[in-house]
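The values are calculated or read from the model by the stated rules, or taken from the named source; none is laboratory data. All figures in this text were calculated on a predicted structure; none of them were measured in a lab. Positions of Cβ are backbone-derived with ideal geometry, glycine not excepted, and every protein chain shown enters the neighbour counts.
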Amino acid sequence: MLILEPKVFSDDRGFFFESFNQRDFQQAIGLDVSFVQDGHSKSSRGVLRGLHYQIQHPQGKLVRVTQGVVFDAAIDMRRSSRNFGKWVGVELSADNKRQLWVQPGFAHGFVVTSESAEFLYKTTDYWYPEHERSLLWCDPSVGI
């Protein structure tokens, strides 16, 4: 898991930042990653999306919020990992412009904490509904 903080250039007209730069991203994570699919969702306050993962064709995800605020969480589902079952959570918002890199093999989800939120994500593999699984957000063995 990696939280990316973009360099934002702001003035009285607004702001500009690079939301994605392949070279900088690969340098930050130390891997050669290609994205094959983008997703965009809009949800109202209290909507929970996730916690989803794929048992085959695991997806790496680079996620961010363009409107509103969410609490985002990712749980390590790789049984061979020493961090299996551990989770990381972070607030992502249009204001903080943070991005979260969710490695392949992690369950991922978010809950909207503002009136509404728009959420963007890039994935390293396609969605295969037959391989998708979900983890209950309140699973006591995870403890979010």
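Values as computed for the structure displayed
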| item | result |
| --- | --- |
| In the range 1-14, residue nearest to VAL63 (Cα to Cα) [restricted to those that are surrounded by 10 or more Cβ atoms within 10 Å (Cβ to Cβ) and at pLDDT 90 or above] | VAL8 |
| Residues within the range 91-113 that are buried (at least 17 other Cβ atoms within 10 Å of the Cβ), within 11 Å of the chain's Cα centre (by Cα) and not in a loop (DSSP other than H, G, I, E, B), tallied | 10 |
| In the range 95-128, the residues that are over 26 Å from PHE9 (Cα atoms) and either among the charged types (D, E, K, R) or in contact with a helix residue (DSSP H, G or I) (Cβ under 6 Å, 6 or more places away or on another chain) (or both) | GLU115, ASP125 |
| Some residue of the range 61-81 being out of contact with any strand residue (DSSP E or B) (no Cβ under 6 Å at 6 or more places or on another chain) and without any contact (Cβ under 8 Å) to a residue 12 or more places away in the chain | yes |
| Some residue of the range 60-74 being of a type in the set (Gly, Ala, Ser) and within 18 Å of VAL142 (Cα to Cα) | yes |
| Verdict on SER81 being assigned to a loop (DSSP other than H, G, I, E, B), of a type in the set (S, T, N, Q) and surrounded by 14 or more Cβ atoms within 10 Å (Cβ to Cβ) | no |
| Matching residues, the range 1-54, being polar (S, T, N, Q) and either under 21 Å from PHE119 (Cβ atoms) or in a strand (DSSP E or B) (or both) | SER10, SER19, ASN21, GLN37, SER41, SER43, SER44, GLN54 |
| ARG64 within 23 Å of GLY85 (Cβ to Cβ), surrounded by 13 or more Cβ atoms within 10 Å (Cβ to Cβ) and either of a type outside the set (Gly, Ala, Ser) or modelled with pLDDT of 95 or more (or both) | no |
| Considering residues of the range 118-144 that are in a strand (DSSP E or B) and under 14 Å from the mean Cα position of the chain (by Cα) only, the residue nearest to SER44 (Cα to Cα) | GLU118 |
